[in-house]
1. Could you line up Thr20, Thr43 from fewest to most neighbouring Cβ atoms inside 10 Å?
2. For the chain, set up a Gaussian network in which alpha carbons nearer than 10 Å are linked by springs, and say which option among Arg19, Arg51, Arg81 fluctuates the most.
3. Of Cys63, Cys55, Cys76, which is the most mobile in a GNM of the chain whose springs link Cα atoms less than 10 angstrom apart?
4. Starting from the amide H of Met84, placed 1.01 Å from N in the peptide plane, find each other amide H under 5 Å away whose residue is 5 or more places distant or on another chain.
5. Considering only DSSP states other than H, G, I, E and B, which chymotrypsin sites (Phe, Trp or Tyr not before Pro) in the chain qualify as loop sites with at most 11 other Cβ atoms within 10 Å?
6. Quick check on the chain: what are the equivalent-ellipsoid semi-axes from the Cα gyration tensor, as sqrt(5λ), descending, whole Å?
7. Using θ = phi - 60° and the Karplus form 6.51 cos²θ - 1.76 cosθ + 1.60, what ³J(HN,Hα) does each residue of the stretch 21-28 get, whole Hz, x for Gly and Pro?
8. From the phi angles alone, apply the Karplus equation (6.51, -1.76, 1.60; θ = phi - 60°) to the stretch 82-91 and give each ³J(HN,Hα) in whole Hz, x where the residue is Gly or Pro.
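Rule-based calculations on the coordinates, nothing more; no lab input. These figures come from a predicted structure and were not determined experimentally. For neighbour counting, all protein chains shown are included, and Cβ atoms are generated from backbone atoms with ideal geometry for every residue, glycine included.
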Amino acid sequence: MFRRWSEKAARLAVKIDGRTIEARDGDTVAAAMLAAGIGHCRTTAVSGMPRAPYCLMGICFDCLVTIDGVGNRQGCLVPVRAGMEIETQAGKREAGQ
Ligand code: FES
């Protein structure tokens, strides 16, 4: 569904839910997930419905993920770096998790 418009950026590896994917230097976490075909970042606390990045500019909060053990990070605002460990979120997170 999503295609990159440039293939020139350096490649790096990140883990998403334990699976290693190839991202590009300069990708945000949300962009890397979409490019890898990962359909959602989180599920809602009330209905459990999956949510995917929507605005890609820090407004909608549908891109919340856990990054290196820190929950509720906005994936669209965080650039990937090699070795980053990303987890999709299920339901709500408590403060400090
Ligand atoms: S995609 Fe909307 S806040 Fe990240």
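1. Thr20, Thr43
2. Comparing Arg19, Arg51, Arg81 in a Gaussian network model of the chain, the most mobile one is Arg19.
3. Fluctuation is largest for Cys55.
4. Lys15
5. Working: sites: Phe2, Trp5, Tyr54, Phe61; in loops: Phe2, Trp5, Tyr54, Phe61.
Hits after loop and neighbour filter: Phe2, Trp5.
6. 22, 14, 11
7. Values, residue by residue: 10, 9, 10, 10, 4, x, 5, 7 Hz.
8. 4, x, 4, 10, 10, 10, 5, 10, 10, x
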